[in-house]
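Laboratory data are not the source of any read-out in this text; all were calculated from the coordinates shown. This structure is a prediction, so every number in the text was calculated from the model and none was measured. All Cβ positions, even for glycine, are placed from backbone atoms using ideal geometry, and neighbour counts span all protein chains on display.
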């Protein structure tokens, strides 16, 4: 029986650049950053310490993978991140240079706002109704 999603893969141009974006602008923590095998690096980040779901930042190195950077979800939302205070997180992330697609607004089930990473991947920040 499947009990949870443990890891998502996000294709990136540069792992160090992506790691900096996710930690410095989104406030994620580094779960792992290690070399394994010749020329291979495993970089995983998560929204907070001890989070069960991590995001592996994989360097795209084939033409097909490179073409997918920023388009893994065909210009749709790749991942929706839940917050307990959308106004606080919106303000802090915006101050750190995150590109938002508007301001938090009422959406089905709560409040939300779209944003993107440094490669154009689309995400939502969402706070459920109480």
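Considering only residues in the range 33-54 that are surrounded by 13 or more Cβ atoms within 10 Å (Cβ to Cβ) and over 15 Å from the mean Cα position of the chain (by Cα), the one that is nearest to residue 90 (Cα to Cα) turns out to be 33.
Each row is one residue, and each column tells you yes or no for (1) free of Cβ contacts under 8 Å to residues at least 40 places away in the same chain; (2) in a strand (DSSP E or B); (3) surrounded by 14 or more Cβ atoms within 10 Å (Cβ to Cβ).
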| residue | (1), (2), (3) |
| --- | --- |
| 56 | no, yes, yes |
| 64 | yes, no, no |
| 70 | no, no, yes |
| 73 | no, no, no |
| 84 | no, no, no |
| 88 | yes, no, no |
| 91 | yes, no, no |
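Among the residues making up the range 1-26, those that are closer than 19 Å to residue 100 by Cα and in contact with a helix residue (DSSP H, G or I) (Cβ under 7 Å, 6 or more places away or on another chain) are 25, 26.
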